[in-house]
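The values are calculated or read from the model by the stated rules, or taken from the named source; none is laboratory data. Nothing here was measured: the structure is a model prediction, and the numbers come from that model. Here the Cβ positions follow ideal geometry from the backbone for every residue, glycine too, while neighbour counts run over all protein chains shown. The accessibility values were calculated without ligands, DNA or RNA, using every heavy atom of the protein model including side chains. Shrake-Rupley method; radii C 1.70, N 1.55, O 1.52, S 1.80 Å.
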Amino acid sequence: MSELKKVSEFIYEIEKKGEMNVPARIYADDALIKKMKEDLTLKQAQNVSCLSGIEGYSFVMPDGHQGYGFPIGGVAAMDYESGIISPGGVGYDINCGVRLLKSNLTHEDVFEQRKEIIDHIFKNVPSGLGSQGKVKLSSKDLDEVLMVGAKWAVEEDYGWKKDLKNIESEGSVEGDPTKVSNNAKKRGAPQLGSLGSGNHFLEMQIIDEIYDEKIASGFGLKEGQICFMMHTGSRGCGHQICSDYIQVMEGAYKKYNIKIPDRELVCAPIHSKEGEDYFKAMGSGANFAWANRQMITHWIRESIGSVIKEDPEDLGLDILFDVAHNIAKIEKHNGKKYCVHRKGATRAFWKGRGELPKEYEDIGQPVIIPGDMGTASYVMVGIKSSSQTFGSTCHGAGRILSRSAAIKKFRGEDIIKRLEKEKIYVKAASPKVVAEEAPDVYKDIHNVIDVCDKVGLAKKVARLRPMGVAKG
DNA sequence: ATGTTC
């Protein structure tokens, strides 16, 4: 690997050499870069810099770690005319993302009932590995979901009309069900409206710190406010779409004579049959995830309303925002079109950038960053300097301990007891998933967020502490 | 992340 140079307190670079088209740039402090050196993160960032059409840098966010081909926490912007698109640059969980619901509830409104609320949500939202939704979808319904995303769910009365405007791309990107395999549809159909497993979660949280009063107030957030966060994606549907197109790309990269330093970076020109097909299928996977989060939103509102015995609308359970962190999008930056791959990276658009809901046009985009279940999550805001990474920031704490190592080291029951002492109630499908997702298996979220904040990838607005967690 | 090896 080429030499890694520290260029400022929180920026490292691998200079452009050999097959690299651009340098790699890594946002990290000393502790975070040390972790990245322990796996293939940096090598993968260098590999990505060799891909056709990449401009600027091959970026790694502070929560970066090794992934399939591309690092997780990676951003790569490809020139729209000459660049490639790669399933590895998006990841298996297409449009994995986060949605935050606000409320007008306070600690005392919910503390006594926090277990009941979480249990109700847990019961009302199917979760766990292989979990199936409660809704029987016809193949026509599923095609509609793959075409229009969250809009389908709202039209079916899962949520409110006003929900759509507070979702990235209004919960709908260009998709094409005919580019999605029958297998992906078969896996997806029974899973729409389910949480899944692993790091996916539903949380009741309290805002315990505000960093920017003015922006928080613009977002309708204040200290002591109760919020509900969900973190989930496109389930087996997106996973299958990714697998299918990695196979397609195995043929395509050879067909188009694309040189790649790692087989896992298989790709095709954006303007090729294979590239266009993947882009549309990926869009359908993204739409599935947005419809999924929309249905879950409806059931969360229903659950809270039924425990608190009030109309969810009177409880102010509005969407702050819903943002993807595994997606490729065609975006204009500096007057030029790019295919921006964000894999474990969150879009962070600043005020005046466009493509934002009206209410945020003069504030900037809410950036929602999920942390681990024992520590915190954050709301940030996109700022002008977010443009250094084509409008992107981190997506979470970033795993440091493998799932298998976590299971060896922790017992789920112990973690649940420990968190209970900290007044965090955990309801999980299995103790195993709690061990796998123990707070200790993640990097320090505060640290990751601070690096993003200090280096200007986004600005801190509010911190949310978990009170109750439902996990698959 | 994931019908955790079609």
- Task: Would you please classify the overall shape of the range A:210-262 from the alpha carbon gyration tensor, given that a ≥ b ≥ c denote the square roots of the eigenvalues, rounded means a/c under 1.5, and beyond that prolate means a/b larger than b/c while oblate covers the rest?
- Result: prolate
- Message: Given the -39500 (n - 2.57) contribution per DSSP H run of 4+ residues, what per-residue ellipticity at 222 nm results for chain A, rounded to the nearest 500 deg cm²/dmol?
- Response: -9500 deg cm²/dmol
- If amide H atoms are modeled at 1.01 Å from N in the peptide plane, then the residues at a separation of 5 or more from A:L320, or on another chain, having amide H under 5 Å from its own are A:L100, A:L101, A:K102
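Expected output is a single nm value to one decimal: the length gained when fully extending between A:K337 and A:E422, i.e. 0.36 nm times separation in residues minus the C-alpha distance. What is it? The partial results should precede the final answer.
Values: separation 85, 0.36 × 85 = 30.60 nm, distance 4.80 nm.
Here the segment from A:K337 to A:E422 would lengthen by 25.8 nm.
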- Task: Please report the Cα spread of chain A along all three principal axes, rounded to whole Å, starting with the longest.
- Result: 63, 52, 49
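Run the dipole for the range A:404-468 about the Cα centre, Lys and Arg Cβ at +1, Asp and Glu Cβ at -1, nothing else charged, and hand back the magnitude in debye, nearest 20. Show your work: numbers first, answer last.
Working: 15 positive and 10 negative charges, 23 e Å.
Result for the range A:404-468 is approximately 120 debye, rounded to the nearest 20.
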- Task: Using Cα centres only, tell me the gap between the range A:124-194 and the range A:203-273 in whole Å.
- Result: 16
- Message: Let's test the formula: R0 of 56 Å, r as the Cβ-Cβ distance of A:H107 and A:K5. What FRET efficiency results, to the nearest 0.05?
- Response: 0.75
- Note on the structure: Two pseudo-spin positions, 7 Å from Cα along C-beta at A:K384 and at A:I330, lie apart in nanometres by 3.0
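At 25 °C and a viscosity of 0.890 mPa s, what translational diffusion coefficient does Stokes-Einstein give for the range A:153-193, taking Rh as the Kirkwood radius over Cα pairs? Give it in µm²/s as a whole number.
On the way: Rh = 12.1 Å.
Reported coefficient: 202 µm²/s.
On average, how much area does the Cα convex hull of the range A:184-230 cover when viewed from any direction, in nm²? Could the numbers behind the result be given before it?
Details: hull surface 20.2 nm².
So the mean shadow area of the Cα hull is 5.0 nm².
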- Between A:K186 and A:K259, with labels modelled 7 Å along Cα→Cβ, what's the label distance in nm to one decimal, could you check? 4.1
- Quickly rank A:325-337, A:105-117 as a protection proxy: mean count of other C-beta atoms within 10 Å, highest first. A:325-337, A:105-117
- Pull out the extension gain between A:Q247 and A:D450, defined as 0.36 nm times the separation in residues minus the alpha carbon to alpha carbon distance; nm, one decimal. 69.2 nm
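Sorted by packing (mean other beta-carbon atoms within 10 Å per residue), highest first, where do A:29-40, A:186-197 land? Intermediate results must be reported in sequence, preceding the final value.
Values: A:29-40: 16.0, A:186-197: 23.0.
For the peptides A:29-40, A:186-197, the packing ranking is A:186-197, A:29-40.
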- Task: Starting at the first residue of the range A:203-208, write each ³J(HN,Hα) from the Karplus equation 6.51 cos²θ - 1.76 cosθ + 1.60 with θ = phi - 60°, in whole Hz, x for Gly and Pro.
- Result: 10, 9, 10, 10, 6, 10
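Let me know the shape class of the range A:1-103, please: from the alpha-carbon gyration tensor, a ≥ b ≥ c as square roots of the eigenvalues, rounded when a/c is under 1.5, otherwise prolate if a/b is greater than b/c, or oblate. Don't skip to the end; give the middle numbers.
Values: a/c = 1.80, a/b = 1.13, b/c = 1.60.
Oblate, because a/c is 1.5 or more while a/b does not exceed b/c.
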- Item | Mean Cα-pair separation over length for chain A, i.e. relative contact order, pairs under 8 Å, 6 or more apart, % | 22
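Leaving ligands, DNA and RNA out of it, report the carbon-plus-sulfur percent of the accessible area of chain A at a 1.4 Å probe.
48
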- Here are some pairs, A:K343/A:K421; A:K115/A:K162; A:K134/A:K471; A:K222/A:K471; A:K140/A:K186; which of them have Cα atoms lying more than 24 Å apart in this structure? A:K343/A:K421; A:K115/A:K162; A:K222/A:K471
- Between A:A428 and residues 5 or more places away or on another chain, the pairs with built amide H atoms under 5 Å apart involve A:K471
- Query: Averaged per residue, what accessible area in Å² does the range A:353-395 show with a 1.4 Å probe, protein chains only?
  - Reply: 28
- Message: For a test of the definition: using alpha carbon positions, the gyration tensor, and the 1.5 limit on a/c, classify the range A:204-292 as rounded, prolate or oblate.
- Response: prolate
- Message: Whole-Hz ³J(HN,Hα) for each residue in the range A:101-113, computed from phi via Karplus 6.51 cos²θ - 1.76 cosθ + 1.60 with θ = phi - 60°, x for glycine and proline: what do you get?
- Response: 9, 8, 7, 9, 8, 10, 3, 6, 5, 10, 4, 4, 9
- Rg over Rh, two decimals, the range A:68-128 (C-alpha only, Kirkwood Rh): 1.24
- Message: Using each residue's phi in the range A:392-402, evaluate 6.51 cos²θ - 1.76 cosθ + 1.60 at θ = phi - 60° and report the 3J(HN,Hα) Karplus result to the nearest Hz, with x for Gly and Pro.
- Response: 8, 9, 5, 10, x, 7, x, 6, 10, 10, 5
